[in-house]
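To keep things clear, I will list the structure first and then write my remarks on it.
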Amino acid sequence: MGFLVDTQREGVGSSWGCLRSLVRRKQVDSHHARAGVHNQLAKALTVPHLIAIGVGSTIGAGVYILVGTVAREHSGPALTFSFLIAGIAAALSAFCYAELASRCPSAGSAYHYSYICVGEGVAWLVGWALILEYTIGGAAVARGISPNLAMLFGGESSLPFFLGRQHIPGLDIVVDPCAAILVVLVTGLLCVGIKESTVAQGVVTTANVCAMIFIIVAGSYLGFKTGWVGYELPTGYFPFGVDGMLAGSATVFFAYIGFDSVASTAEEVKNPQRDLPLGIGIALFICCSLYMMVSVVIVGLVPYYAMDPDTPISSAFASHGMQWAAYIITVGAVTALCSTLMGSILPQPRILMAMARDGLLPSFFSDVNKRTQVPVKGTVVTGILAAILSFFMDVSQLAGMVSVGTLLAFTMVAISVLILRYVPPDEVPLPSSLQESIDSVSLRYSQNTEVHGDASKDGIKPLLPEKDAALDCPILLKQEAGSSFYFSGFICPFVPLLPIVCILINVYLLINLGPATWARVSVWLLIGVLVYVFYGRSHSSLLDAVYVPAAHANEIYSSSGDSLA
C-alpha cells in the first residue's frame, strides 16, 4: 500500500477543522525548517555554562528555610532521605528532558516537545503556563532579595531610602524598588549575550555554592565537636514515621525545580546531543548532593523540634556561638536569589520566541538581535513585566501558580517520551509553497501507485510507494530487528516505566496544590484559550501546511531545489 499525503484544508469541515488545529504537529527544526529564519541564536554554550545555568536556577534561597520547616513538621532527622527521594523523583523528569533536549535541540523546551509529539493545542497551553511560571517566579525571587540584602547592612531599615521597601497608605501596598532595579539589571545583562550572562551567573552561583560548602564544613566540625546532639534523640531517626518522610519529600521536591532552564537554551548549545544531557544530569547531581549534605549537618547540630523555621541554619550556628556565620549564610541566600532570578528570566524570551516562530504569537517576539544574537525584544518585555510585578505586588501568595506551570511541563515531557518511543510522528508538515514539488513527486510515482492498487480518497492523494529510507526528521530511527529505537544522543532508561512513574508523581503533586491555586491558574489558562482562538489558531505557521510521510520529505525538498547542505 502506498503512502498518502493529506491535502485537506482547515475550515472546510466546521467542527473537524477546529479539532484539527488542536492536534496538528510540527517537525523538528531541521535545516529545512530553519531555512526561513534569518537570525539565529548564538551557538556559544558548553557543559560548564549549562551546569552554571542549572545549578543557579535550582538552588534558591528556599533551601536556607526549607531545612527547618520540613524537619520540624514532617521529616525530623530523616530530612536527608526526604531530599534524596525528592531528588530521585526530579531525576525522572530530568531523564525525560535530557532525551528530548538532545533529540529536538531547539528553543522552547517543553512547549517545543509538546508541539512535536502531542499537538498544537496542548503545546499552546504548556507554553502559556510556562509564561506565567517564569513571570511570577522571577518577580517572587526578586521580591525576596531586598530583605536578605538589608540583613547584610544591619536590619530591615538599613537600606537607602530609594532601595528600601516603602508602604503607600492610600493604596495599601508595599513597593520594593530594590527588586525592580535588580530585575532591570539582570534583564540588561541577559541582553548583552548568552555567553556573557551565563558567565556572570556562574560567578554568582559559585559564591552561593561556596557558602553552602562553608555550612557543610563548619557545621561538620561543630557536629563532631558537640557529639551530633540532633541525632541523639529518644524519638529515633523517623519521629514522624515513613509517611512523614515522604510528605517532606513532596515539599522539598520544589527545591529541584529549575533544571528545565537548561533545556530552554538547547538552540544555543554547541553540541546539544552530548552537552545537554551532561549539563542537566551534572547540575541535578550537584544540587541533590549539596541539599543532602546541608541537611545532614543542620539536623545534627540542633534537635529538629528546636529549629527556627525562619532562619534554621543561622540559628543553628548561633546556638554554638558562631553568630558571625550568619553573614556568610546571608551572602549565600542573596547570591542564590540573584542566580535564580537570572534563571527565571532567561528561559521566557526563548519560549516566546519559539511560539512566535510558530505563528502563535506576534512576530515581534521572534526577532533576534544581529549583534548579540539574543531575543532582545522578548527579553526586554519579560524584564519589564517582572519588574512591574516585583515593584508593586507581593506575589508570594501566587507561588503555587509557578508549581502548576512546572509540573504541567514535566508531565507533558514524560508523555512526549512515550509518544516518541511507541507512536512516533510518521508525517511532517511542509509549507504550501512546496505544493508544486509535492504534486511533481506524486505524479512521478503515480504508475507505481496503480500497481499497488491504491485507491484515492476524498481529500487524500497517493504520494509515494513504500521503501526503506531514513527519516529526514531526526526524531527516531528504527532498528532493523525490532520496534525499539536508537539515537546518537541520550536515551531515557527504563521506558515505559520511568515516564509513567514520572507522570504519576507529577499528577499527584498537581492534585495537592489546592483549590485556590487552581482557581487562579484556571483564569490564566482561560485567557490563554481566548488568545489562541482569536489569534494563534488563525496565524499558526501550520495553517496551510501539507503533511507528507517523513521518509519522503527530503526528496520533496530536493525536487524543489532546496539545498541539502
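First check a/c for segment 318-441, with a ≥ b ≥ c the square roots of the eigenvalues of its C-alpha gyration tensor; if it is under 1.5, answer rounded, and if not, answer prolate when a/b is larger than b/c or oblate otherwise.
Prolate, because a/c is 1.5 or more and a/b exceeds b/c.
Dividing the Cα radius of gyration by the Kirkwood radius, what Rg/Rh value follows for segment 239-370?
With Rh from the inverse mean 1/r over Cα pairs, Rg/Rh is 1.10.
Identify, among 375, 402, 211, the residue whose Cα sits farthest towards the positive end of the charge dipole of the chain, taking +1 on the Cβ of Lys and Arg and -1 on the Cβ of Asp and Glu, with the dipole about the Cα centre.
About the Cα centre, the residue reaching furthest to the positive side is 211.
So what does residue 403 come to for accessible area, using a 1.4 Å probe and Å² rounded to 10?
My reading of the accessible area for residue 403 is about 20 Å².
Given a Förster radius of 60 Å and the C-beta distance between residue 327 and residue 426 as r, what FRET efficiency does 1/(1 + (r/R0)^6) yield to the nearest 0.05?
Rounded to the nearest 0.05, the efficiency is 0.50.
In terms of modelled amide H atoms, which long-range or inter-chain residues lie less than 5 Å from the amide H of residue 427?
Answer set, sorted by chain and number: 550.
Return the sequence-ordered ³J(HN,Hα) values of segment 147-153 in whole Hz as given by the Karplus equation 6.51 cos²θ - 1.76 cosθ + 1.60 applied to θ = phi - 60°, using x for Gly and Pro.
x, 5, 5, 5, 4, 5, 10
Skipping prolines and chain starts, which residues have an amide H placed within reach, meaning under 5 Å, of the one on residue 361, given they are 5 or more residues away or on another chain?
The answer is 356.
What is the set of long-range amide H partners of residue 173 at a cut-off below 5 Å, with H atoms built 1.01 Å from backbone N?
The list, which skips near neighbours in sequence, is 168.
How many angstrom lie between the Cα centre of segment 331-382 and the Cα centre of segment 218-265?
If we compute the Cα centre of each part, the gap is 33 Å.
Taking a quarter of the surface of the convex hull around the Cα atoms of the chain, what do you get in nm²?
Over every viewing direction, the Cα hull of the chain projects on average to 28.4 nm².
For segment 41-80, what is one quarter of the convex hull surface built on the Cα atoms, given in nm²?
Mean projected area of the Cα convex hull: 4.1 nm².
For segment 48-123 and segment 271-310, write down the distance between their C-alpha centroids in whole Å.
Here the answer is 12 Å between Cα centres.
Give me the angle, in degrees from 0 to 90, between the Cα long axis of helix 272-301 and the longest principal axis of the Cα atoms of the chain, rounded to the nearest 10.
For 272-301 against the chain, the angle is about 20 degrees.
Relative to the longest principal Cα axis of the chain, at what angle does helix 194-226 sit, 0 to 90 degrees, rounded to 10?
Rounded to the nearest ten degrees, it is 40.
When the dipole is taken about the Cα centre of the chain, and only Lys, Arg (+1) and Asp, Glu (-1) are charged at their Cβ, what size is it in debye, to the nearest 20?
Value, rounded to 20: 600 debye.
Go through 43/370; 26/370; 270/377; 26/195; 195/370 and tell me which ones have a Cα-Cα distance over 20 Å in this structure.
Beyond 20 Å: 26/370; 270/377; 26/195.
What angle, in degrees between 0 and 90 and rounded to the nearest 10, separates the Cα long axis of helix 325-345 from the longest principal axis of the Cα atoms of the chain?
20 degrees
Would you mind counting up the charge near residue 358? Only other residues with Cβ under 9 Å from its Cβ, with Lys and Arg at +1 and Asp and Glu at -1.
+1
If the chain between residue 538 and residue 508 were fully stretched, how many nm would it gain, using 0.36 nm times the residue separation less the Cα-Cα distance?
7.3 nm is the gain from fully extending residue 538 to residue 508.
Once the whole set of protein chains is in place, how much accessible area is left on residue 310, using a 1.4 Å probe, in Å² to the nearest 10?
110 Å²
What whole number of Å gives the distance from the Cα centroid of segment 504-539 to the Cα centroid of segment 144-193?
31 Å
Please list 132-143, 188-199, 359-370 highest first by mean number of surrounding beta-carbon atoms within 10 Å per residue.
Taking the mean over residues of other Cβ atoms within 10 Å, the ranking is 132-143, 188-199, 359-370.
How many Å² of accessible area per residue for the chain, probe 1.4 Å?
Value returned for the chain: 41 Å² of accessible area per residue.
Once the whole set of protein chains is in place, how much accessible area is left on residue 518, using a 1.4 Å probe, in Å² to the nearest 10?
Accessible area of residue 518: about 90 Å².
Among the DSSP beta bridges whose two residues both lie in the chain, what percent are antiparallel, rounded to the nearest 5?
Expressed as a percentage, antiparallel bridges in the chain total about 95.
The values are calculated or read from the model by the stated rules, or taken from the named source; none is laboratory data. What you see is a predicted model, and the numbers here were worked out from it, not measured in a lab. Neighbour counts are summed over all protein chains in view; Cβ atoms, including those assigned to glycine, are modelled from backbone coordinates with ideal geometry. Protein only, heavy atoms only, side chains kept; ligands, DNA and RNA dropped before computing areas. Shrake-Rupley method; radii C 1.70, N 1.55, O 1.52, S 1.80 Å.
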